[in-house]
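Data block below; observations after.
The values are calculated or read from the model by the stated rules, or taken from the named source; none is laboratory data. In this text the structure is predicted, and so the values were computed from the model without any measurement. Backbone-built Cβ (ideal geometry, glycine too); neighbour counts: all protein chains shown. Side chains included, ligands, DNA and RNA excluded: accessible areas come from the protein's heavy atoms. Shrake-Rupley method; radii C 1.70, N 1.55, O 1.52, S 1.80 Å.
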Amino acid sequence: YTGAKGGILPKRKDIFFFFFILVCDPADVISTVEFNQTGEFLATGDKGGRVVIFQREPQGEYNVYSTFQSHEPEFDYLKSLEIEERINKIRWLPLHNPAHFLLATNDKTIKLWKVSERDKRAEGYNLRDEEGRLKDLSTVTTLQVPVLRPMDLLVEASPRRVFANAHAYHINSISVNSDCETYLSADDLRINLWNLNITDRSFNIVDLKPENMEDLSEVITVAEFHPHHCHLLAFSSSTGTTRLCDMRASALCDQHAKLFEEVVDPSHRSFFSEIVSSVSDVKFSHSGRYLLTRDYLTVKVWDLNMENKPVETYQVHDYLRTKLCSLYESDCIFDKFECAWNGTDSVIMTGAYNNYFRMFDRASLRDVTLEASREVCKRRAVLQPRRVCVGKKQKETDVSVDSLDFRKKILHTAWHPKENIIAIAASNNLYIFQDRLTPNGHHNTPEIQSAPPKWQTQPNPPTY
């Protein structure tokens, strides 16, 4: 890992920036990013089945804390199906003791991992020598009390539970319930409810599989538990609808409590309408009042008390409407972008193409497009907000929509739950933007401005 940190001065606000580069290998492409509940730890999963955990140091930097292999490639001999080791989702469990617990899943198997520290070792056993081998009992003439000796800090990751054989289709979501006892897992057609202590069975709470698969009209794309009410969950589908389910009503939540759907004018429908309306991510706000959904072209904010239309709609890359045909031919139109709230639910973030990511301020209605790429992390490089134009360039720094690189995409993003720290995954690179501490020890709050802010890297980047 190599890193660089720099500064930004929008209206006397300082931010410094970390950049982690992974070895350029397809297995190293990051497939999920997730902060824990305090923001002290950041976990990433990749296509090679590995989980890398970063810890925030007292000076504010994130450094590698632990790396372990979570999943291995498998083969289902009954279905003649190869199961990839790719990590689809990571979810942290609430912290109850010094050890940290997280759920990681690939297409079929969910694992509960325990990550703990050990800085002491026991010495002076009566029946074993220093290497752990059994002694000859005839040589033991005295008894001694074992003692704990200091040792170099060791971070251990061990699997505590394995939840398998419950999904016939690929798992796309896991979500930990607020009761801290259960969690859900969702595939294309079903949502299962698990107890964290029971691995051999789960309860099916949503089942969209028709008796005749030819009648299949939609699939589940993402599911999420409410952050405060353990009986509420939301799941979205490929038709662009989001359903809110109440588990108090019935054991099987096929009948939703609320349906969030924006009706499209039939005259505006096209061949691509249903494809671009498919919801790729859904997130409850921290307050639990709103739902944030991301489809191919927009992010929408829904009030749980109003189902007929979103209260806010933000265009992410509306300039791509003329490119849908070529995006369909290249399969880019099926890309699944994630979205994120900031800690106060006032700013929304999501990814786009060309290694761009977008931020929307809900109060001022201002937005900004920024780029996360290795080129902007060179010595004394300045990161300027980007603007994509459809027609003639108005400024030299404008980027034409025809020159966008659709192979470079930011699908996975995460926002620190309490501070203005964001994690951006672009292919096999991880970027972390973070506020710099002021002299009094407080964090600045960056603002989305109409004037372009300048992001500058420091001349002497550290190496991690």
Binned at 10 Å starting from 0, the alpha-carbon pair-distance distribution of segment 94-236 in whole percents comes out as 10, 29, 22, 14, 13, 8, 4, 1
Could you pull the accessible area for Thr221 with a 1.4 Å probe, rounded to 10 Å²?
20
Selection of GluC sites (Glu not before Pro), segment 190-278, meeting DSSP coil and at most 11 other Cβ within 10 Å:
Glu211
For Ser280, list long-range residues whose amide hydrogen, built 1.01 Å from N in the peptide plane, is under 5 Å from its own amide hydrogen.
Arg294, Asp295
Cys230 versus Asp215, label points 7 Å from Cα toward the beta carbon: distance in nm?
3.6
Which of the listed residues, Ser346, Ala426, Leu189, is farthest toward the dipole's positive end in the chain, when Lys, Arg count +1 and Asp, Glu count -1 at the beta-carbon?
Ser346
What do you get when you divide the Cα radius of gyration of the chain by 2.2 N^0.38 Å, with N the number of residues?
1.07
Phi-based couplings in Hz for segment 82-87 (Karplus 6.51, -1.76, 1.60; Gly and Pro marked x):
7, 9, 6, 8, 3, 7
Quick check on my link table: of Lys300/Lys408; Lys300/Lys336; Lys47/Lys89; Lys47/Lys409; Lys111/Lys336; Lys111/Lys209, which ones sit more than 18 Å apart, alpha carbon to alpha carbon?
Lys300/Lys408; Lys111/Lys336; Lys111/Lys209
With a Förster distance of 22 angstrom and the Cβ-Cβ distance between Phe271 and Asp207, calculated FRET efficiency to the nearest 0.05 equals 0.15
Test of understanding: express the Cα radius of gyration of segment 244-289 as a ratio to 2.2 N^0.38 Å, with N the residue count.
1.57
Once phi is turned into ³J(HN,Hα) by the Karplus curve 6.51 cos²θ - 1.76 cosθ + 1.60 with θ = phi - 60°, what whole-Hz value does each residue of segment 44-54 show in order, with x for glycine and proline?
10, x, 10, 6, x, x, 8, 10, 10, 10, 10
Treat each spin label as a single point 7 Å out from the Cα along the C-beta direction, and report the Glu312 to Thr239 distance in nm.
2.9
What is the log10 of I(q)/I(0) for segment 258-381, computed with the Debye formula using one identical point scatterer on each Cα and no solvent, at q = 0.14, 0.16, 0.18 Å⁻¹?
-0.67, -0.85, -1.04
Cα gyration tensor of segment 56-121 - equivalent ellipsoid semi-axes, whole Å, descending:
31, 13, 12
Using the alpha carbons of segment 158-240, what is the convex hull volume per residue in cubic angstrom, as a whole number?
105
Cα principal axis extents for segment 192-326, largest first, Å
50, 40, 24
Ordered by residue, what ³J(HN,Hα) values in Hz, to whole numbers, does segment 322-330 give under the Karplus form 6.51 cos²θ - 1.76 cosθ + 1.60, where θ = phi - 60° and Gly and Pro are x?
7, 10, 4, 5, 5, 5, 5, 5, 8
Which sequence of Phe284, Phe260, Phe334, Phe271 reflects their accessible areas, 1.4 Å probe, from the largest down?
Phe271, Phe334, Phe284, Phe260
How many percent of the accessible area of the chain is carbon or sulfur, using a 1.4 Å probe?
50
Taking the Cα-to-Cβ direction at Val140 and at Gln55 and moving 7 Å from each Cα, how far apart do the two end points lie in nm?
3.6
Return the equivalent ellipsoid semi-axes of segment 342-431 as a descending list in whole Å, where each equals the square root of 5 times an eigenvalue of the C-alpha gyration tensor.
23, 17, 13
Whose amide H sits under 5 Å from the amide H of Ser31, counting only residues 5 or more places off or on another chain, with H placed in the peptide plane?
Gly45, Asp46, Lys47
With every protein chain kept in place and a 1.4 Å probe, the chain has an accessible area per residue in Å² of 50
Could you tell me the calculated FRET efficiency between Val401 and Glu123, based on Cβ-Cβ distance and R0 = 60 angstrom, to the nearest 0.05?
0.35
